[in-house]
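The values are calculated or read from the model by the stated rules, or taken from the named source; none is laboratory data. What you are looking at is a predicted structure, and each value in this text was computed from that prediction instead of being measured. Positions of Cβ are generated from backbone atoms using ideal geometry, with glycine treated the same way; all protein chains shown enter the neighbour counts. The protein model used for the area step is the full one, side chains on, heavy atoms only, and it has no ligands, DNA or RNA in it. Shrake-Rupley method; radii C 1.70, N 1.55, O 1.52, S 1.80 Å.
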Amino acid sequence: MDSPLIFYLSAFTSVCVVAVSSCRLLRRRLLSVETGMNDLPFLSVKSDTKFPGTAVVCGGSIAGLLTARVCHDHFERVLIVEPEAWLSTEGGRLVNSRSQTQARSRLIQYSSIQANLCFLYAGLSALFSNFDDACRESDISIAPGDYSVNFWGTYYKVPYAQYLGNLPKTFYASRKALETLIRRLALNPKSFPNVQQMVGTVVGVTADPAKPGYLRQVSVRTQDGILDIDAALVVDCTGPTQAGLKWLQRAGFGTSLNSLTISFDAKMHYSSCRMVVSPSLAKRLPVPGGFDKLGGSIIQLFPDMRKDGTYFGCLKDVGNEETGTEIFLCCGGWGIEDLPRNLAGIRQYAASIHVTQPIPGWVWQFLDMLEEVEDTLTCSLVRVPASFWTHLENAPSLPANWIAIGDSVSRVNPLLSQGCPKALLGVLSMNTLLYKMDKTKAIPANFSRQFFNAQAGKIKQLWESGKALDYGRSTTEPAPGETLEVGSFTRWFMRHLQLLSLTDDQAGSIIWHSQMMLNSTSIDALHPVLLGKVLWLAVKLWLKGE
């Protein structure tokens, strides 16, 4: 009589075991395809041999500098071609970025706020063995990756307990401080003697007549005229100008590359107000735990996007207890152009944000006390350009020894702080491929194709998450052929997951790991237990009419 019961129990157990095993295999696969976690260990493995010739990196911003650092491990010589002359001087590599008197001419966010994810810290620490020491030398704080994120007036559950109180770390620095630091490290002749930087602008490339499907040279415009440089590898890091596509078309490659680009405009703006907190004021500011002891983030406030398309945040930048600490107050949103430029406006803006719980009282005291140093306030206004993704993985014919990294391929919403990590993902894809290649031979004919396929898999999750967020606002102009309904289920699910994360450790862990791009895949939020919690929460809210 027990035989049928035993049979059904055995069958059910077998199905469960197969399902769990399949999910684990799928997640392991997605970790490799969607993230850079499996690629990080290869940064610490040095190659015994190098490709002969020169890797030419076109552009010396963060993507170009990280690309050059990796190419140093794989090529006999690395040359960065950077148009802005001052970046090749000592001014571009200062230990104290606050004393920098010049700014990037084509980088709108150079003087603005920037958040840095734990994944980026992990990558930079692997690329530069002295990264922590260099941060301390430049007064850049390294602390747990807790950005004090507040959903609708309540802090969500950051997974400290999961790491036994030792939450993975990150660093807190503005774009100017970070880029100046990376440039100083990457162009250090003692650490990376094969890397050089020259002033010039790449204006074209030349196909190799002896090797169809390859590039032979890049043409650089300098003060003395056009200089042709032989290249074993050409990496386009020119950013949103995507200059490389124009070079390739003139050289006979990819006549239809522009048709591979999809774009949408979130019509997002933000103001970034910088102030210097004096040492005496720092000791009195009512920040929980103490301003001086705080790692870097003071508060990040996100309202319910169904009702409010605004954002308010405050981050610490470089500084110390002797000379003072820079902070950034950021106000931004979708479809909002009139943004505050002074403390009175910032206070009014923060008070207008829709929350379900009152903003902590210390925030208002904090803003009031900053009036003591309001004379140090400087403000930059940024109109966030349209997001785009050029699907070069679908290009019919690209040179085998040409690739593009960073904003040369895709630009995403800066609110999620994924710009620099996106560049790192491209650099990791390149490094892993180069590491596995036989360097006694030329770069294989399928290198470019392999690279763009690998990079596309990692960009996809960033692109989809950013688009789902931006399409939640009626002012967003969607991509051609799409409507703002795209991603509606994702927005519904994420809203309930955020609500759940205010009280639930599992939901908080999923959100934190996703935000930090740390060991997170696109299926993690679909865990059966978590799904059940989200659905139960949705039912309760529905019964309440919310």
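How much of the accessible area of the range 35-121, in percent, comes from carbon and sulfur atoms when a 1.4 Å probe is used? Ligands and nucleic acids excluded, carbon and sulfur reach 55 percent. For Ser410, the shell of other residues with beta-carbons less than 13 Å away shows a net charge of +1, using +1 for Lys and Arg and -1 for Asp and Glu. Stretching the chain fully between Ala103 and Glu477 yields a gain of 131.5 nm (0.36 nm per residue, less the alpha carbon separation).
Quote the FRET efficiency, to the nearest 0.05, computed for Arg341 versus Thr154 with a Förster distance R0 of 35 Å and r equal to the Cβ-Cβ distance. In this case the efficiency is close to 0.75.
Given their separation in residues at 0.36 nm each and the Cα-Cα distance between them, Val95 and Leu227 gain 44.3 nm when the chain is fully extended.
Which net charge results for the neighbourhood of Gly419, defined as the other residues with beta-carbon distances under 12 angstrom from its beta-carbon, given Lys and Arg at +1 and Asp and Glu at -1? Intermediate results must be reported in sequence, preceding the final value.
Working: positive: Arg175, Arg411, Lys422; negative: Glu179, Asp407.
Here the count lands on +1.
Between the range 88-127 and the range 160-219, what is the C-alpha centre distance in whole Å? The range 88-127 and the range 160-219 have Cα centres separated by 12 Å. For the chain, the relative contact order works out to 20 percent when only alpha carbon pairs closer than 8 Å and six or more residues apart are counted.
Taking the helices alone, the chain has a mean residue ellipticity at 222 nm of -10500 deg cm²/dmol, built from -39,500 (n - 2.57) per DSSP H run of at least 4 residues and averaged over all its residues.
Surface composition of the range 210-291: carbon and sulfur make up 54 percent of the accessible area, probe 1.4 Å.
Given axes a ≥ b ≥ c from the Cα gyration tensor, I'd like to know whether the chain is rounded (a/c under 1.5), prolate (a/b larger than b/c) or oblate. Can you show the working numbers first?
Details: a/c = 1.70, a/b = 1.16, b/c = 1.46.
Here the chain falls in the oblate category.
Report, in listed order, any pair from Lys176/Lys246; Lys169/Lys293; Lys283/Lys316; Lys46/Lys439; Lys211/Lys458; Lys267/Lys467 with a Cα-Cα distance greater than 19 Å.
Details: Lys176/Lys246 29 Å; Lys169/Lys293 15 Å; Lys283/Lys316 14 Å; Lys46/Lys439 13 Å; Lys211/Lys458 31 Å; Lys267/Lys467 12 Å.
Flagged as over cut-off: Lys176/Lys246; Lys211/Lys458.
A crude spin-label estimate for the pair Thr503 and Trp86, with each label 7 Å from Cα along the Cβ direction, gives 5.4 nm. Based on protein heavy atoms only, the chain ends up with 43 Å² per residue of surface accessible to a 1.4 Å probe. Label zone of Lys46 (point 7 Å out along Cα→Cβ, amide N under 18 Å): in the range 434-458 this covers 435-436, 439. Enumerate by residue number the GluC sites (Glu not before Pro) in the range 275-336 meeting two conditions: DSSP loop (anything except H, G, I, E, B), and at most 12 other Cβ atoms within 10 Å of the site's Cβ. Sparse-neighbourhood loop GluC sites (Glu not before Pro): Glu321, Glu322. Seen through its C-alpha gyration tensor, with square-root eigenvalues sorted a ≥ b ≥ c, the range 100-162 comes out oblate because a/c lies at 1.5 or above while a/b is not bigger than b/c.
Please report, ordered by residue number, every helix of the chain (full DSSP H runs) that is 18 Å or longer along its axis going by C-alpha atoms and whose mean Kyte-Doolittle hydropathy reaches -0.5. List each step's numbers first, then the result.
Numbers: long enough: 3-34 (45 Å, 1.02); 419-435 (24 Å, 0.99); 447-470 (34 Å, -0.61); 488-501 (20 Å, 0.00); 528-544 (24 Å, 1.28).
Both cut-offs are met by 3-34, 419-435, 488-501, 528-544.
Within the P(r) computed for the range 26-65, what percentage of the Cα pairs occupies the region above 13 Å? Above the 13 Å cut-off, the range 26-65 has 72 percent of its Cα pairs.
In a fully extended conformation the segment linking Lys441 and Thr376 would gain 17.7 nm over its present Cα-Cα distance, using 0.36 nm per residue.
Tell me the trypsin sites (Lys or Arg not before Pro) within the range 385-463 that lie in a loop according to DSSP and have at most 10 other beta-carbon atoms within 10 Å. Each step should come with its number before you reach the end.
Numbers: sites: Arg411, Lys422, Lys436, Lys439, Lys441, Arg449, Lys458, Lys460; in loops: Lys436, Lys439, Lys441.
Those that pass, being in a loop and sparsely packed, are Lys436, Lys441.
Each label was represented as a point 7 Å from its Cα along the Cα-to-Cβ direction; for Lys307 and Leu25 these points are 4.7 nm apart. Looking at the range 18-92, the trypsin sites (Lys or Arg not before Pro) that sit in a DSSP loop and have at most 15 other Cβ atoms within 10 Å of their own Cβ are Lys46. With both labels modelled 7 Å from their Cα along Cα-to-Cβ, the Lys246 to Thr323 distance reads 3.9 nm.
Among DSSP beta bridges whose residues both lie in the chain, state the antiparallel percentage, nearest 5. Don't jump to the answer; show the numbers that get you there.
On the way: 54 of 75 bridges.
Close to 70 percent.
All other residues whose Cβ lies under 12 angstrom from that of Thr376 are scored, Lys and Arg at +1 and Asp and Glu at -1, for a net of -3. Label zone (Leu531, point 7 Å along Cα-to-C-beta; backbone nitrogen cut-off 17 Å) within the range 451-494: 489-494. Only one residue of Phe302, Phe264, Gln357 has its Cα farthest out toward the positive end of the dipole of the range 240-368, where Lys and Arg carry +1 and Asp and Glu -1 on Cβ, and that residue is Phe264.
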